[in-house]
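Here is the structure we will look at, set down as structure tokens.
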Amino acid sequence: MALVYIIEDDESIREIEEFALKNAGHKVVGFADAKSFYKQMDAVIPELVLVDIMLPDENGNEIVKKLRRNPETKKLPVIMVTAKTTDLDLVKGLEDGADDYIKKPFSVMELISRVKAMLRRTEPDDVRFIQFDELTLNNEKHEVSLGGKMIVLTYKEYELLQYLLVNKGIVLERDSIMEHVWGMTYEGESRTLDMHIKTLRQKLGEYGSRIRTVRNVGYVIE
């Protein structure tokens, strides 16, 4: 199915991740450090990367930032695997460019589901451009511009904004958003959605205030 790279220095965790994803039909290559990962990236770019934050030679956040600065990998889906679970740590990971995160310890089924959801493409084929006042979403180039200025979004931020815009003016329930953007509902994982809404608002600046929270229901852009 997909080629997945795993950067994890804990051999036991890396073996579990490799075994689970291989059994799910993916081709997997594991790395114990950033150096070996970069070397392989020069040869073949995968379809998804799982990266631990605490690595022996380079912090996982720095790896993500480098991937986003490279034109060839700026849209490469990245999932962070972390034992750090404070809001500050999670926001930092998303701001650095990660599309999603998995908290340690995690179940094999959660890992497989997150990877499957990340790889699932939900972009509507018949919607090429979405215009909402000064905001333009271009599905052909997978780009977002605001007042003519390009806005750099992660893959999941883009999918989230697209879903809100396609349904502008309609209050979307949390479960509906999670199902559409992440491919499933996550009980107890509402922070995933909230963190992405927060970073999306920040990147859109004043325009981000148009994404309104509807208490006990979900979100709407209007």
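The values are calculated or read from the model by the stated rules, or taken from the named source; none is laboratory data. Bear in mind the structure is a predicted one, so any value in this text is a computation, not a measurement. Don't worry about glycine lacking a Cβ; one is built from the backbone with ideal geometry, like all the others, and counts go over all protein chains shown. Heavy atoms of the whole protein, side chains included, go into the accessibility calculation; ligands, DNA and RNA do not. Shrake-Rupley method; radii C 1.70, N 1.55, O 1.52, S 1.80 Å.
Of everything in region 1-18 that's open to solvent by 50 Å² or more (accessible area, probe 1.4 Å) and in contact (Cβ under 8 Å) with a residue 40 or more places away in the chain, which residue is nearest to Phe106 (Cα to Cα)? Looking at the filtered set, the residue picked out is Ile16.
Within region 194-208, is even one residue without any contact (Cβ under 8 Å) to a residue 40 or more places away in the chain, more than 29 Å from Lys104 (Cβ to Cβ) and in a helix (DSSP H, G or I)? Yes, because at least one residue in region 194-208 is without any contact (Cβ under 8 Å) to a residue 40 or more places away in the chain, more than 29 Å from Lys104 (Cβ to Cβ) and in a helix (DSSP H, G or I). Among the conditions (1) small (Gly, Ala, Ser); (2) more than 21 Å from Leu88 (Cβ to Cβ); (3) in contact with a Leu (Cβ under 8 Å, 6 or more places away or on another chain), the only one that Gly208 does not satisfy is (2).
Yes/no per residue for (1) of a type outside the set (A, V, I, L, M); (2) outside any helix (DSSP H, G or I):
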| site | (1), (2) |
| --- | --- |
| Glu72 | yes, yes |
| Lys75 | yes, yes |
| Ile79 | no, yes |
| Asp89 | yes, no |
| Ile130 | no, yes |
| Glu140 | yes, yes |
| Leu161 | no, no |
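Within region 154-170, residues that are closer than 27 Å to Pro71 by Cα and of a type in the set (Phe, Trp, Tyr) sit with their Cβ atoms under 8 Å from residues that are part of a helix (DSSP H, G or I) and modelled with pLDDT under 90, at 6+ positions apart or across chains, in these pairs: Tyr155/Met118; Tyr163/Ile177; Tyr163/His180; Tyr163/Val181.
In the condition set (1) modelled with pLDDT under 85; (2) of a type in the set (D, E, K, R); (3) over 25 Å from Arg114 (Cα atoms), Asp175 is compliant with all but (3). Checking each residue in region 146-162 for being open to solvent by 10 Å² or more (accessible area, probe 1.4 Å) and touching a strand residue (DSSP E or B) at 6+ places or on another chain (Cβ under 9 Å) picks out Leu146, Gly147, Gly148, Met150, Ile151, Val152, Leu153, Tyr155. Of all residues in region 41-61 being surrounded by fewer than 15 Cβ atoms within 10 Å (Cβ to Cβ) and in contact (Cβ under 8 Å) with a residue 12 or more places away in the chain, which is nearest to Lys84 (Cα to Cα)? So the residue we want is Met54.
Considering only residues that are closer than 19 Å to Asp100 by Cβ and open to solvent by less than 10 Å² (accessible area, probe 1.4 Å), look in region 192-210 and name the one that is modelled with the lowest pLDDT.
Here is the first cut: in region 192-210, the ones closer than 19 Å to Asp100 by Cβ are 192-203.
If we keep only those that are open to solvent by less than 10 Å² (accessible area, probe 1.4 Å) as well, we get 192-193, 196-197, 199-200.
Details: Thr192: 83, Leu193: 88, His196: 92, Ile197: 94, Thr199: 93, Leu200: 94.
The residue in question is Thr192.
Only residues that are open to solvent by less than 30 Å² (accessible area, probe 1.4 Å), closer than 16 Å to Arg191 by Cβ and of a type outside the set (Gly, Ala, Ser) were counted in region 82-122, giving 9.
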